[in-house]
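Report on the structure given below.
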Amino acid sequence: MNLKKINPNLQKALLENDFIVPNEMQEATWSSVKSGADCVVVSPPGSGKTTTLVMHVIQKLQAASGESTRALVFVQDKDQMLEVVNLFKTLGNYTDLRVYGVHEKGDTDFDKNHISLGLDVLVGPPAKLNALFSTAGFNMNTIKIFAVDDADVLFKNRQHAAISRLSDSVEKTQRLFFASAVTEKLELMADKIMVEPLFFEPDEDAS
């Protein structure tokens, strides 16, 4: 993909997996998200939102570093977690980023032990991530990127409280919402936890 200052390892993996030309949404959001701004990206189902989210996390983190989690990615359920983790493995093939996924029925003690060994990206449903961080005392101030996939669906399903609690525990981070539609709850959450968020919608620039 021909995107400005894209990480060469990410670009190589994208090309090998037939992501040749960025779509309109990816082109429109790339520079703003890469700059570190809080962003709400709204795009129709099947338009590559999850791929774009994973691209931005890889671009920002670049390589493994430290022992504490540096990116949280919120998803709906186990199936979506597995999809996102596999996508990280595919597009992060030429990096050494450590990615781990959790789900509601997973062994919490096992998950805590794995996280404590050191990783870069943690993927899972809001309630599970909230339970892990609220009981284990993990350092939240290393979180560089706080991304919510299908944010409109998660907020509709009353997952906003867990996400808000975790967000409040992070001193400074970049927050990203990816959604298929603009909803009242999406706008309320953006107003509540984001700093001067940029909104990207179909056929529109940031507003």
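Values in this text are rule-based calculations from the coordinates and carry no lab data. Remember, predicted model here, so these are calculated numbers, not experimental data. Cβ placement follows ideal geometry from the backbone for every residue including glycine, while neighbour counts extend to all protein chains displayed.
With only Lys, Arg, Asp and Glu charged, each at its Cβ (+1 for the first two, -1 for the last two), find how big the charge dipole of the stretch 93-197 is about the Cα centre; round to the nearest 20 debye.
The calculation lands at about 160 debye.
Taking θ as phi - 60°, what are the ³J(HN,Hα) couplings along the stretch 38-46 by the Karplus curve (6.51, -1.76, 1.60), each to the nearest whole Hz, with x for Gly and Pro?
6, 9, 10, 10, 10, 8, x, x, x
With runs of 4+ DSSP H residues as the only contributors, calculate the mean residue ellipticity of the chain at 222 nm using -39,500 (n - 2.57) per run, divided by the residue total and rounded to the nearest 500.
-13000 deg cm²/dmol
Just to confirm a number: summing +1 for Lys and Arg and -1 for Asp and Glu over residues other than G101 whose beta-carbon lies under 15 angstrom from that of G101, what do you get?
-2
N157 to K105: extension gain in nm, 0.36 nm per residue of separation minus the Cα-Cα distance?
Answer, rounded to one decimal: 16.9 nm.
To two decimal places, what compactness ratio does the stretch 107-207 give when its Cα radius of gyration is scaled by 2.2 N^0.38 Å?
Compared with the compact-globule rule of thumb, the stretch 107-207 sits at 1.14.
Taking K and R as +1 and D and E as -1, what net charge do the other residues with C-beta under 13 Å from the C-beta of G36 add up to?
Once all neighbours under 13 Å are counted, the net charge is +3.
Could you size up the charge dipole of the chain around its Cα centre, putting +1 on the beta carbon of Lys and Arg and -1 on that of Asp and Glu, and report it in debye to the nearest 20?
580 debye
How long are the three semi-axes of the equivalent ellipsoid of the stretch 1-90, in whole Å, if each is the root of 5 times an eigenvalue of the C-alpha gyration tensor, listed from largest down?
Taking √(5λ) for each Cα gyration eigenvalue gives 19, 17, 15 Å.
Where a Cα-Cα gap under 29 Å defines reach, which lysines qualify for K4, not counting those fewer than 8 residues away within the same chain?
Excluding near neighbours in sequence, the set is K12, K34, K49, K60, K89, K144, K172.
Amide H neighbours of L198 under 5 Å, at least 5 residues apart or on other chains, H built in the peptide plane: list them.
D38, C39, V40
Taking +1 at the Cβ of each Lys and Arg and -1 at the Cβ of each Asp and Glu, which of P125, G137, F178 sits farthest along the dipole of the stretch 75-198 towards its positive end, judged by Cα position relative to the Cα centre?
Looking along the dipole axis, the top candidate is G137.
For T183, put the label point 7 Å out on the Cα→Cβ axis and report which residues of the stretch 11-51 keep their amide N under 16 Å from it.
Of the residues in the stretch 11-51, 41-45 have backbone N under 16 Å from the label point off T183.
Determine, at each q value in 0.10 (inverse angstroms), the log₁₀ of I(q)/I(0) that the Debye formula gives when each Cα of the chain is one equal point scatterer.
-0.38
Under 8 Å for C-alpha pairs, at least 6 residues apart: give me the relative contact order for the stretch 8-200, rounded to a whole percent.
Value for the stretch 8-200: 30 percent.
Return the sequence-ordered ³J(HN,Hα) values of the stretch 77-88 in whole Hz as given by the Karplus equation 6.51 cos²θ - 1.76 cosθ + 1.60 applied to θ = phi - 60°, using x for Gly and Pro.
After applying 6.51 cos²θ - 1.76 cosθ + 1.60, I find 7, 4, 4, 5, 4, 4, 4, 5, 4, 5, 5, 4 Hz.
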